[in-house]
1. Hey, can you find the accessible area per residue of the chain for me, probe 1.4 Å, expressed in square angstrom?
2. Give me D for segment 27-149 in µm² s⁻¹, whole number, from Stokes-Einstein with Rh from the Kirkwood sum over alpha-carbon pairs, 20 °C and 1.002 mPa s.
3. Rounded, prolate or oblate for segment 184-315? Axes are the square roots of the Cα gyration tensor eigenvalues, ordered a ≥ b ≥ c, and the cut-off for rounded is a/c under 1.5.
4. From the backbone phi of segment 79-87, what are the Karplus-calculated ³J(HN,Hα) couplings (6.51 cos²θ - 1.76 cosθ + 1.60, θ = phi - 60°) in whole Hz, Gly and Pro given as x?
5. So between Ile24 and Arg193, what do we pick up on full extension, going 0.36 nm a residue minus the alpha carbon distance?
6. How large is the convex hull of the Cα atoms of segment 20-86 per residue, expressed in Å³ as a whole number?
7. For an R0 of 25 angstrom, estimate the FRET efficiency from the Cβ-Cβ distance between Ser105 and Glu163 and round to the nearest 0.05.
8. Could you tell me how far the Cα centroid of segment 148-196 sits from the Cα centroid of segment 18-79, in Å?
Amino acid sequence: MPNPLAKLINPWYPSTAIGFEKGIATMVQLDRGRGGTSSLRRAATVALPESLIRPSFDEPNISHPQELTAALRDLATSAGLLRQKRWSVTLPDASSRTLILTLESQPASQAELEEVLTWKMERGFAASLDELSISRERLPADSQGRDRYLAIATRASILDEYESVLQTLGWRAGLIVPRHIGEGQWLTVNGSRSDALLLSLSEQGFTAVVFRGKQPIIIRTVNCDPSECEDELYRLLLFYRDRRAGEAEVGQALSRVLVVGELLDKHRACEIVNETLGADLRSLGAADVGLQLATRELSFDAIAAPAGVATLSWQ
């Protein structure tokens, strides 16, 4: 199956990427290795003031653009990437919304298709589509033969905040996606056909993506307090288990779990997965997904998203 991002992104994209998150920014440059592996040619992270980036879908994200510009210039200097002009970018998950749109019936015309998708996106994104920058890609049909589409939306005004900071430095972003899209690349890059779960954690809660091969079949963003995280994950896994039980051709069971972030302990997250699904899994690390880290000082959690989109430079 082709990568579902194939038409959401430029035909050519760099091996350099920037990851934005509350309290941290990360830069990476990736090298392709043998046998599907990759390694970091350059990488650096910098701690940011907690109020500098405030991830939100509805409100401005960057409180002081000049301060963020200066931090990125210093970060690029320390990483040896100051002369790099083209970047891929990952944004905090809370700054975007991602939907899988499933059609209950086959539209009679292209105009009817657009009408149905527009209605579903307006409801799912809970915003006027005129205010959004939306990427949309058709996915393979589900197990019942229903057409599906992947849609990613960010407010145009919020995209402009991040792009303006880059432009001040003379940089250009050819690809801007939410964090979980970058992290999810590590579960699809090697072409496994079994089910895999990404659990992307942040202060606001988590985004869970279940992949079947290269294709997302479930995407859920859950806003919750840390004390509610375990219960919400359990509910999501029950939904996945029940959905899987009702499918005529289920393929292989969940075989991989990638937990990124600190809202929930990785070991505890996998315990919940194993107890709910009767599995015996642990959270993957950098080496498990084929990424060679040159030093233990670098956290895979910090670089997983930008390094993931950087792998698109050779896919």
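1. Here the residues of the chain average 47 Å² of exposed surface.
2. 117 µm²/s
3. Oblate shape, in that a/c is at least 1.5 and b/c is the bigger or equal ratio.
4. Values, residue by residue: 8, x, 10, 4, 7, 5, 10, 10, 9 Hz.
5. Here the segment from Ile24 to Arg193 would lengthen by 57.5 nm.
6. 113 Å³
7. 0.05
8. If we compute the Cα centre of each part, the gap is 13 Å.
The values are calculated or read from the model by the stated rules, or taken from the named source; none is laboratory data. Because the structure is a prediction, the values reported are computed rather than measured. As a convention, Cβ positions derive from the backbone with ideal geometry for all residues, glycine included, and neighbour counts pool all protein chains shown. Please note that ligands, DNA and RNA were not included when accessible areas were found on the heavy atoms of the full protein model with its side chains. Shrake-Rupley method; radii C 1.70, N 1.55, O 1.52, S 1.80 Å.
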